[in-house]
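Remarks on the structure that follows.
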Amino acid sequence: MMLAIDILLYAAVVVALLSAWLMLRMRDEYQMMHFMSPPASVSAILITAAIFLQQGLKSESFKALFITLVLLMMNTVVTHATARAFRIREQRDVWQPAAGEEVPVLPTDEVLMRRAAEPAR
Amino acid sequence: MTAWMIGSTALLIALIPCGWIALTASTEKRLVGLEMTGILCTLELMLLTIAFNRTPFMDLAVALGLLSFGAGMVFAHFLAQNL
């Protein structure tokens, strides 16, 4: 049992450490945001599993489960809101969103390749 | 020294890149670093609660998890408003 707890715990810490280090290596803020997800999902789930194994069905275990659910759900919302804010900030000279208006997304690789393949007019 | 103590100490190292980003990077990157710090500190408080066997302190982790969500949303909102 102790071995399982140790493995879960160290795996969670390694995932968090790798995510933090790789976030530092990314080129822009959009790429960096991807690395908020592993600690909020994988690490939190592993730590909660370790707490359940260590403590059993006690109140702190269920609080840890609640924290994991909070991190899982709210991280997605925060990431989306942050990316939207960055996009609005990038476009502020040419575009301001009206109420309820969607933020124009960046062209995908497929769109860029199609544009490049089109004959020049 | 228990595995919980070792894990919580090792997790503190993950805060160094976030601190570096917060000190040196652009405004957008600093916000991402702040949000990452909120997640890591929540995990750190969970580990420390079990490491020191002070189970009521798990409430601190709950509070931080909820408040870091609000902080991220507020900063994102003001960043979009040309802060």
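The values are calculated or read from the model by the stated rules, or taken from the named source; none is laboratory data. What you are looking at is a predicted structure, and each value in this text was computed from that prediction instead of being measured. Here the Cβ is made from the backbone with ideal geometry for all residues, glycine too, and neighbour counts use every protein chain on show.
Look at residue A:32 and say whether it is within 7 Å of another protein chain (Cβ to nearest Cβ), under 22 Å from residue B:71 (Cβ atoms) and in contact with a Pro (Cβ under 9 Å, 6 or more places away or on another chain). No.
Among the candidates A:82, A:76, which residue alone is part of a helix (DSSP H, G or I), within 27 Å of residue B:80 (Cα to Cα) and more than 10 Å from chain B (Cβ to nearest Cβ)? Exactly one residue qualifies, and that residue is A:76.
When region A:87-99 is filtered for residues that are over 24 Å from the mean Cα position of the chain (by Cα) and within 24 Å of residue B:31 (Cα to Cα), the ones remaining, listed by number, are A:92, A:93, A:94, A:95, A:96, A:97.
Would you be able to say whether some residue in region A:21-33 is among the basic types (Lys, Arg), part of a helix (DSSP H, G or I), at pLDDT below 95 and on the phi < 0 side of the Ramachandran plot? Taking every residue of region A:21-33 in turn, at least one turns out to be among the basic types (Lys, Arg), part of a helix (DSSP H, G or I), at pLDDT below 95 and on the phi < 0 side of the Ramachandran plot.
For region A:36-69, the set of residues classified as facing chain B (nearest Cβ under 7 Å) and within 13 Å of the chain's Cα centre (by Cα) consists of A:36, A:39, A:40, A:43, A:44, listed by residue number. Please verify whether region A:54-61 includes one or more residues that are touching a Lys or Arg at 6+ places or on another chain (Cβ under 6 Å) and either within 30 Å of residue B:22 (Cα to Cα) or without any contact (Cβ under 8 Å) to a residue 24 or more places away in the chain (or both). No, there is no match, as no residue in region A:54-61 is touching a Lys or Arg at 6+ places or on another chain (Cβ under 6 Å) and either within 30 Å of residue B:22 (Cα to Cα) or without any contact (Cβ under 8 Å) to a residue 24 or more places away in the chain (or both). Every condition in (1) under 17 Å from residue B:5 (Cα atoms); (2) surrounded by fewer than 16 Cβ atoms within 10 Å (Cβ to Cβ); (3) among the charged types (D, E, K, R) is met by residue A:6 except one, and the failing one is (2). Does residue B:32 meet the test of being under 23 Å from residue A:76 (Cβ atoms), among the β-branched types (Val, Ile, Thr) and in contact with a Lys or Arg (Cβ under 8 Å, 6 or more places away or on another chain)? For residue B:32, the condition - under 23 Å from residue A:76 (Cβ atoms), among the β-branched types (Val, Ile, Thr) and in contact with a Lys or Arg (Cβ under 8 Å, 6 or more places away or on another chain) - is not met. The set of residues in region A:30-62 being of a type in the set (D, E, K, R) and surrounded by fewer than 22 Cβ atoms within 10 Å (Cβ to Cβ) consists of A:58 alone. Looking only at residues of region B:26-83 that are in contact with a Leu (Cβ under 8 Å, 6 or more places away or on another chain), within 23 Å of residue A:46 (Cα to Cα) and among the β-branched types (Val, Ile, Thr), we find that the one that is surrounded by the fewest Cβ atoms within 10 Å (Cβ to Cβ) is B:37. In region B:48-69, is there at least one residue being at pLDDT below 95 and closer than 22 Å to residue A:92 by Cβ? The answer is no, given that none of the residues of region B:48-69 is at pLDDT below 95 and closer than 22 Å to residue A:92 by Cβ. Among the residues of region B:54-75, just one is of a type in the set (S, T, N, Q) and more than 7 Å from chain A (Cβ to nearest Cβ), namely B:68. The set of residues in region B:1-53 being assigned to a loop (DSSP other than H, G, I, E, B), more than 8 Å from chain A (Cβ to nearest Cβ) and closer than 22 Å to residue A:5 by Cβ consists of B:1, B:2, B:52, B:53. A residue that is surrounded by fewer than 21 Cβ atoms within 10 Å (Cβ to Cβ), closer than 24 Å to residue B:20 by Cβ and more than 10 Å from every other protein chain (Cβ to nearest Cβ) can be found somewhere in region A:19-28.
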